């Protein structure tokens, strides 16, 4: 395991900690692959009864590694990252043990999507949680739009995706994105406490309950159904945005810490 992902004392509770503090724990492609492998290992460990996902330092996850995405000019890097990241999110949702997120500081973009894929979440009251993709010219995959709409409802999802709303941890609990909001210094301990509580319950009951909840969620989504015309239209619009000059301008402006000048092409 690399230093960018730390596994702490695997036992009944596995704790996976994102550890790229110099980039506020931004997700690189290699980090996504490694995290997917760790979740698979936890799933095959008969002793594991819960998994905690946290971030080292001041932040949970500030999003995808924009510098890495920017190195691919035609948008294919963004598409490839989205595909591998979706594989990770599905692995978290299908994991036989509950996944508990513990987020302080930034949980933006990919960080917010990680929280949505967790079964339970503890956040800092002053955390910054959102998917401000329109500020960069990005489009998140259709499956992630579904998760957000099912999690918070269409009007609130629109406020987050279309208006770039970033929530505090307290607001995230009110909107249904997290279970508890606590002071920043208590996040990791509170997530661990929740995981220990889960680990002390009947494993077969917990596993069946998680499966049942996920099946209800899948029933509300498009999973397993024929692709609708609307979803195909979304793919066309997403491809247009991901191949646009606006995307490169948004990513470049982010790196240069300036306001982007979008032109709609």
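Please treat every number below as a calculation from the coordinates, not as lab data. Source: prediction; values computed, not measured.
Normalised by 2.2 N^0.38 Å, where N is the number of residues, the C-alpha radius of gyration of the stretch 84-194 stands at 1.00. Radius of gyration over Kirkwood radius for the stretch 5-185, both on Cα atoms: the Rg/Rh ratio is 0.94.
When the Cα centres of the stretch 139-189 and the stretch 23-55 are compared, how far apart do they sit, in Å? The two parts, judged by their Cα centres, are 21 Å apart. Computed on the stretch 5-185, with alpha-carbon pairs under 8 angstrom and 6+ residues apart, the relative contact order is 19 percent. Beta bridges from DSSP with both residues in the stretch 26-176: antiparallel share about 5 percent, rounded to the nearest 5.
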